[in-house]
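First comes the structure, then the notes that go with it.
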Amino acid sequence: MGSVLLRGKYSLNEDGTTNFDYDVPALAIGGTRDGLMRISRVAEAYWHGVKNVEPALAGKFPVVALEGVAHHSFMSAPYPSAVRNDDLSASVDEATAHSQVASAMVNFFHSLLTESKSEVFQGI
């Protein structure tokens, strides 16, 4: 939550697709108003984990960007000083953000348990 897998966890195959060197599936959840994990970095992770991932890893490293969610939206107050000083303002309230995060997590676990390769994050 509020982060993505580091660039060192993946590489490009000869065919240009992304291969992850990570043993377990991982969901990355970012917010469009996050002042610490910028949306451009979340978009890069989406490219590698969803759009460009090698077919055998499809659905194992999804990335979700939640509209209006800031870095502090993933937690409850009091916020650490770095978050207070550097984060952007959320445009959704805490309850809405927490509900969106929970929904993304449930969808991810469901996709793993049912081995669904479909687009599980529609409607988030």
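Observations
- Dipole-positive endmost among ALA28, ASN85, PRO62 within the chain (Cβ charges, Cα centre): ASN85
- Overall, segment 7-114 carries a charge dipole of about 100 debye about its Cα centre when +1 sits on the Cβ of Lys and Arg and -1 on the Cβ of Asp and Glu, all other atoms neutral.
- Helix 94-114 and the long axis of the chain differ in direction by around 20°, with both axes built from C-alpha atoms.
- Gaussian network model of the chain, springs between alpha carbon atoms under 10 Å - residue of PRO62, PRO80, PRO25 with greatest fluctuation: PRO80
- Length released on extending from ASP93 to ASN52, taking residue separation times 0.36 nm less the Cα-Cα span: 11.5 nm
- Residues whose placed amide H lies under 5 Å from that of LEU66, excluding near-sequence neighbours: GLY30, GLY31, THR32
- Relative contact order, whole percent, for the chain stands at 25, derived from Cα pairs under 8 Å and 6 or more residues apart.
- Point-to-point label distance, GLU14-MET75, nm (Cα→Cβ direction, 7 Å offset): 4.6 nm
- Sum of side-chain charges, TYR79 neighbourhood, beta-carbon under 12 Å (Lys, Arg +1; Asp, Glu -1): -2
- Estimated from helical segments only, the mean residue ellipticity of the chain at 222 nm is -8500 deg cm²/dmol, where each DSSP H run of four or more residues counts as -39500 (n - 2.57).
- Between LEU6 and ASP23, the simple spin-label model (points 7 angstrom out along Cα→Cβ) gives 1.7 nm.
- Computed from backbone phi with θ = phi - 60° and the Karplus coefficients 6.51, -1.76 and 1.60, the 3J(HN,Hα) list for segment 33-47 is 10, 7, x, 10, 10, 4, 4, 5, 6, 5, 5, 4, 5, 4, 4 Hz; x is used for glycine and proline.
- Distance between segment 1-23 and segment 30-78 - C-alpha centres, whole angstrom: 14 Å
Just so you know, all these numbers are worked out from the coordinates, no wet-lab data involved. Since the model is a prediction, treat every value here as computed from it, not as a measurement. Virtual Cβ from ideal backbone geometry, glycine too; neighbours counted across all protein chains shown.
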